[in-house]
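One structure is given below, encoded as structure tokens.
The values are calculated or read from the model by the stated rules, or taken from the named source; none is laboratory data. None of these values were measured; they are calculated from a predicted model. Ideal geometry is used to build each Cβ from the backbone, glycine not excepted, and the neighbour counts take in all protein chains shown. The area values use the complete protein model at the heavy-atom level, side chains included, leaving out ligands, DNA and RNA. Shrake-Rupley method; radii C 1.70, N 1.55, O 1.52, S 1.80 Å.
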Amino acid sequence: RMRDRGFTNGLVDEFEVYNRQLTSVEIQQLHDGHSLQDLYHLLEKPGLKFTFTQAEQLLELHLALGNAEYKKTETELQSLREQHNKLVDSIPEIMVMQEKPKPRQTYFLIRGAYDARGDKVESLTPASLNPFPQDAPKNRLGLAKWLTDPKQPLTARVTVNRYWQMIVGEGLVRTPEDFGSQGEPPTHPQLLDWLANDFMTHGWDVKRLVKQMVMSATYRQSSAVSKELLKRDPENRLLAHAPSYRLPAEMLRDNAIATAGLLVDKIGGVSVKPYEVEVSFKPTARSKGEGLYRRSLYTYWKRTGPAPVMMTLDASKRDVCRVKREKTSSPLQAFVLMNGPQFVEASRMLAQKLLQQHKEPNQKLFRDLFRTLTSRQPTQQELDVLHALYQSQYEQFKKEPQRAKQYLSVGDQKPDEKLDPATLAAMSIVANTLLNFDEGVMKR
């Protein structure tokens, strides 16, 4: 037993195991050695009367030992209970909180000591902020009404700033984790106020807010910037050009497997474990089948460490709340994008899909590949570079077929045996290169 010394210095004198539940009279027999015999002696003398307890014991013994109909009914009942348990166990449970009829009195604790009570504390909001609505109950419902009250715009300001940060790259307030006196003031305070007010006025409609931001003239600017402007405004606080930054880790991975036609868009479910989890989080086994191609949102995650690929691409840890990710640029990131099993497999499947469609690596195939991964048509110079890369890789794989076979074996997806291995491997290299192309990983 937990935190127990166990059966210290004890000895077992007798140990018996039964294949059924014993009746009450059988248990008594084990204790006194005669209860069962006494009951049988009464049966041998028909003239004697049974007590109520003895009658119950006889019925219980008869049903347990000799009644086939009772056994059958008991088995059916057990089966129904198992079905019921399976049904109940399959229903997810959530914690539900409920307010007490009479709230518990809370006190200010002197130096934090639980037994050193100071002044009484009431359920109210800080006096420096908007007053609590008079008609609102002093509970979580009232707090929610206060948070979304038009007279209390902080919630709306924080929300629109978070979406601006997600879309533009930097928030109007560049310290999203701190809107207080220790944080940065907004670069465009009137714009922040207008967006917050407009967001509340239109029913807190997030889709409308996002559409409004991405259709704005500010967002639709070119990300190209002159030397003079860069010198004058290196952090783009004037919003004089569109943002330019690497896409988040989840978007990079999801984009790769989506363009390859592998992304499973099923919503909900348990966490899944892609290839790198098996090596990094031993002895955790990786997923099979569709589990390898779920959205990164469902990737298995340890609180103090994301999956290695995510961590390399600047995904935040979850040991503390972070509302703004670091943005770094390192050779290790390119190494992951060029050699990670998920990206190599996605490149191969995209190349395979295009080869099946075009039959051979021609100019139209290279155009479709470039358009798929960059959302624009290539220039002739870019096509020439891609064709030269393909040709050099094809010649190498043709000379060393074992290398081509080894490269095509990465990942669980099997290559199309009808395609020439050297051609498929060389085209996979081209696709993987474009996945690492600036326009494939940067938002411009």
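For this structure, a couple of remarks:
Table: residues versus (1) over 28 Å from ASP412 (Cα atoms); (2) modelled with pLDDT of 90 or more; (3) open to solvent by 70 Å² or more (accessible area, probe 1.4 Å); (4) not acidic (Asp, Glu).
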residue: TYR219; (1), (2), (3), (4): yes, yes, no, yes
residue: SER223; (1), (2), (3), (4): yes, no, no, yes
residue: ALA258; (1), (2), (3), (4): no, yes, no, yes
residue: LEU263; (1), (2), (3), (4): no, yes, no, yes
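- Filtered residues of segment 257-276 (kept if among the hydrophobic types (A, V, I, L, M, F, W, C), under 21 Å from LEU434 (Cβ atoms) and not in a loop (DSSP other than H, G, I, E, B)): ILE257, ALA258
- Across segment 225-255, the qualifying residues are those that are open to solvent by 30 Å² or more (accessible area, probe 1.4 Å) and of a type in the set (S, T, N, Q), and the one among them that is modelled with the lowest pLDDT is SER244.
- From the list SER347, SER296, the one residue that fits, being farther than 26 Å from ALA425 by Cα, at pLDDT 85 or above and open to solvent by less than 10 Å² (accessible area, probe 1.4 Å), is SER296.
- Which listed residue, of VAL173, VAL158, is in contact with an Asp or Glu (Cβ under 8 Å, 6 or more places away or on another chain) and of a type outside the set (S, T, N, Q): VAL173
- Unique match (being open to solvent by 40 Å² or more (accessible area, probe 1.4 Å), touching a residue at least 40 places away in the same chain (Cβ under 8 Å) and in contact with a helix residue (DSSP H, G or I) (Cβ under 6 Å, 6 or more places away or on another chain)) among THR433, THR372: THR372
- On the stretch given as segment 312-328, residues that are surrounded by 17 or more Cβ atoms within 10 Å (Cβ to Cβ) and of a type in the set (A, V, I, L, M, F, W, C) total 2.
- The residues of segment 185-217 that are open to solvent by 70 Å² or more (accessible area, probe 1.4 Å) and either at pLDDT below 90 or touching a helix residue (DSSP H, G or I) at 6+ places or on another chain (Cβ under 9 Å) (or both), listed by number, are ASP193, ASN197, HIS202, TRP204, ARG208.
- Hits in segment 147-163 (condition: outside any helix (DSSP H, G or I), in contact (Cβ under 8 Å) with a residue 40 or more places away in the chain and open to solvent by less than 60 Å² (accessible area, probe 1.4 Å)): PRO153
- Candidate set from segment 127-143 (those that are among the aliphatic types (A, V, I, L, M) and farther than 17 Å from GLU99 by Cβ); member that is surrounded by the fewest Cβ atoms within 10 Å (Cβ to Cβ): ALA127
- All of GLN391, GLN402, GLN380 fail the test of being at pLDDT 90 or above and touching a helix residue (DSSP H, G or I) at 6+ places or on another chain (Cβ under 9 Å), apart from GLN391.
- So ASP420, is it acidic (Asp, Glu) and within 28 Å of GLY291 (Cβ to Cβ): no
- Exactly one residue out of LEU109, LEU124 is open to solvent by 100 Å² or more (accessible area, probe 1.4 Å) and aliphatic (A, V, I, L, M), and it is LEU124.
- Candidates GLU382, GLU417, GLU439, filtered to the one that is crowded, with 16+ Cβ neighbours inside 10 Å, among the charged types (D, E, K, R) and either touching a Lys or Arg at 6+ places or on another chain (Cβ under 9 Å) or on the phi < 0 side of the Ramachandran plot (or both): GLU382
- Condition met for ASP119 (without any contact (Cβ under 8 Å) to a residue 60 or more places away in the chain, in a strand (DSSP E or B), more than 30 Å from THR159 (Cα to Cα) and of a type in the set (Asp, Glu)): yes
- Qualifying residue in segment 402-411 (condition: of a type in the set (Ser, Thr, Tyr) and in a loop (DSSP other than H, G, I, E, B)): yes
- Residue check, LEU424 farther than 21 Å from VAL336 by Cβ, touching a Leu at 6+ places or on another chain (Cβ under 8 Å) and in contact (Cβ under 8 Å) with a residue 40 or more places away in the chain: yes
Yes/no matrix, rows are residues, columns are (1) of a type in the set (A, V, I, L, M); (2) in contact with a Pro (Cβ under 6 Å, 6 or more places away or on another chain); (3) assigned to a loop (DSSP other than H, G, I, E, B):
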{"residue": "ARG318", "(1), (2), (3)": "no, no, yes"}
{"residue": "VAL323", "(1), (2), (3)": "yes, yes, yes"}
{"residue": "SER329", "(1), (2), (3)": "no, no, yes"}
{"residue": "ALA334", "(1), (2), (3)": "yes, no, no"}
{"residue": "MET349", "(1), (2), (3)": "yes, no, no"}
{"residue": "GLN356", "(1), (2), (3)": "no, no, no"}
{"residue": "PRO361", "(1), (2), (3)": "no, no, yes"}
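- GLU69 vs. criteria acidic (Asp, Glu), at pLDDT 90 or above and either in a helix (DSSP H, G or I) or touching a helix residue (DSSP H, G or I) at 6+ places or on another chain (Cβ under 9 Å) (or both): no
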